[in-house]
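Beneath this line is the structure, given in structure tokens, with notes to follow.
Each value in this text was obtained by applying a stated rule to the coordinates, not by laboratory testing. No experiment lies behind these values; they were computed from the predicted model shown. Because the Cβ atoms are built from the backbone with ideal geometry, glycine has one as well, and the counts that use them run over all protein chains shown.
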Amino acid sequence: MGKFKIFAEFWEFLKERKKWWLAPIVIMLLLMGLLIIFTETSAVAPFIYALF
């Protein structure tokens, strides 16, 4: 539960403060980070880099 506590706290922050506009920004940053991590060491990397 310790690793996912930050997500629960972030969700509570969004609900309490009504900062829903932060959710898409954080989601996109996480997706871009995951894309970079997963394509670093794979054979798909040259094709992903060609997209950007």
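Results, tabulated for the structure shown:
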| quantity | calculated |
| --- | --- |
| ALA8 being without any contact (Cβ under 8 Å) to a residue 12 or more places away in the chain and either surrounded by 10 or more Cβ atoms within 10 Å (Cβ to Cβ) or touching a Leu at 6+ places or on another chain (Cβ under 7 Å) (or both) | yes |
| Matching helices (runs of 4 or more DSSP H) fully within the chain where at least 2 residues are among the acidic types (Asp, Glu) | 5-17 |
